[in-house]
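> Quick one: the structure is below, questions incoming.
All of the numbers you see were taken from the coordinates with simple rules; none came from a lab. Bear in mind that the values here come from a model prediction, so they are computed numbers and not experimental data. No Cβ is skipped: glycine too gets one built from the backbone with ideal geometry, and neighbour counts run over all protein chains shown.
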Amino acid sequence: MEEVQETGRPEWVERVEAMEANDILVLDLEGASQILTDNRIEMMDVIEEQEPESIRDLARKVDRNVNAVMRDLKVLYENDVVMFEEEKNRKIPRMRHERVIVEPVV
């Protein structure tokens, strides 16, 4: 059972606020299990930490086929996890939010 604080809010809300992140995407557990595969989590880490210059650059960094990376990026985009900056004739993948968390937060 989820613990509720004196404020009347679930404990996980208090912990999220303590992260001091301004932009948080909260995914429910069922949705996250469909969206956040190991390969997609690896891509998210690389996007966040290495800032690839293009989809092709991201594919090189994760050592995967460009088409497979594009399919995974499409899923992440459709679920509001990533966005694309367009520069000349290339799309640059970027994280849409500062944090992505899965509810319930334990």
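> Rounded to the nearest 0.05, what FRET efficiency do Ile24 and Arg64 have when you use their Cβ-Cβ distance and R0 = 25 Å?
On the way: r = 28 Å, r/R0 = 1.10.
Calculated transfer efficiency: 0.35.
> Modelled label-to-label distance, Glu98 and Ala32, 7 Å Cα→beta-carbon offset: nm?
Rounded to a tenth, the inter-label distance reads 1.9 nm.
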